[in-house]
1. Cα-Cα over 23 Å: which of K115/K256; K115/K166; K166/K278; K17/K296; K101/K199; K178/K256?
2. From Cα pairs below 8 angstrom and at least 6 apart in sequence, can you work out the relative contact order of the range 193-303, rounded to a whole percent?
3. Going highest first, how would you order 198-205, 140-147, 106-113 by mean Cβ packing within 10 Å?
4. Arrange the peptides 265-276, 284-295 so that the one whose residues have, on average, the most other Cβ atoms within 10 Å appears first.
5. For the chain, what is the accessible area per residue in Å², given a 1.4 Å probe and the full set of protein chains?
6. Where the only charges are on Cβ atoms (+1 Lys, Arg; -1 Asp, Glu), what is the dipole of the range 218-275 about its Cα centre, to the nearest 20 debye?
7. Report the percentage of all Cα-Cα pairs in the range 147-303 whose separation exceeds 27 Å, rounded to a whole percent.
8. Full-extension gain between R27 and E184, please, as 0.36 nm times their residue separation minus the C-alpha to C-alpha distance.
Amino acid sequence: HLYEKGLEKTNRSFGEKLNAFFANFRRVDEDFFDDLEDLLIESDVGYETSMNLVDALRDEAKLKNAKSKQALKEVIVEKLVGLYENPGEEDEGLSYNEANKPNIYLFVGVNGSGKTTTVGKLAAQLKSQGKSVMLVAADTFRAGAVQQLVQWGERVGVDVVTGPEKADPASVVFEGVKRAHEQEVDYLLIDTAGRLQNKVNLMNELDKIKRTIQKTFKDQPEETLLVLDGSTGQNAMSQAKEFNQVTQISGIVLTKLDGSSRGGIVIAIRNEMNIPVKLVGLGEQVADLAPFDTEKFALGLFK
Ligand code: GDP
């Protein structure tokens, strides 16, 4: 329900614009489609995606002879969901493999995007579902990052594996995976450093972490999650593109959508990069992290 509460905020701002637009338009003519396209671009749905969406809407509106506001809204919802969902992919939630414990989730993203907070929130939620969780503080680069994760561990009541200051992140990960095997935990959540300004270093570091996991334990991350600050709009999109070149990303966590008017970025990322948004961050509290549901999102726009 918090999910709905938080998302309503996002939707309200993006949705408010849409609703106002629908309340004011008179005729379904070229101006209508042009104005709608502008509105979508303004809401960070992205240029390409907005064009595709409006083109599809134009065709569909003609085909169905949809002239009423209600009929057009239905077409928008249908198209948004259609744009977002991948045919053939049913469950896009976080992957979990009971036979492959620990399930390793690697969190990547630039500093300040909300990585550590997301790891903390997810740990709390998984623990309250009865799962065992261990954290690894592999962001040995940013001063304070390790301490911040340790605090989350204390708050949630889960172990945090740390190394000495400026330790090699891969060595901390090695220790973490080893302990996670020994203790047979369900989940191992790894917080990494996000130095995008030095792409080669970052690439080497993430490669080394993945190789350590693979070589030593024949494991691989069940998820590599890119954490992006949703309130930065198109900037989040360019980060997604850059990170995707650095390492293979299985899903995106879009944070700070509470109160952001840029909710359209969810659709843009999915459409332009074909990476599912798996979780959304809707505040700073433990409960403010939720799975992303396209249909709810699209329907919520017209509440
Ligand atoms: P990191 O550097 O990527 O690990 O980022 P942090 O986890 O330290 O988060 C940076 C700041 O963003 C902190 O003040 C968090 O409390 C805040 N934050 C993280 N996620 C959210 C969210 O979903 N909503 C809001 N409003 N703030 C968030």
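1. Pairs exceeding 23 Å: K166/K278; K101/K199; K178/K256.
2. On the way: 138 pairs, mean separation 21.9, N = 111.
Result for the range 193-303 is 20 percent.
3. Values: 198-205: 14.4, 140-147: 16.0, 106-113: 22.5.
With the highest mean Cβ count within 10 Å placed first, the list reads 106-113, 140-147, 198-205.
4. On the way: 265-276: 21.2, 284-295: 17.3.
Put in order of decreasing packing, that is 265-276, 284-295.
5. Numbers: 13760 Å² over 303 residues.
That works out to 45 Å² per residue.
6. Details: 5 positive and 7 negative charges, 32 e Å.
My answer is approximately 160 debye.
7. On the way: 3812 of 12246 pairs.
When all Cα pairs of the range 147-303 are counted, 31 percent exceed 27 Å.
8. On the way: separation 157, 0.36 × 157 = 56.52 nm, distance 6.26 nm.
Gain on extension, R27 to E184, equals 50.3 nm.
The values are calculated or read from the model by the stated rules, or taken from the named source; none is laboratory data. Small disclaimer: the values here were computed from a predicted structure and weren't measured. All Cβ positions, even for glycine, are placed from backbone atoms using ideal geometry, and neighbour counts span all protein chains on display. Calculation scope for accessible area: heavy atoms of the full protein, side chains included, ligands and nucleic acids excluded. Shrake-Rupley method; radii C 1.70, N 1.55, O 1.52, S 1.80 Å.
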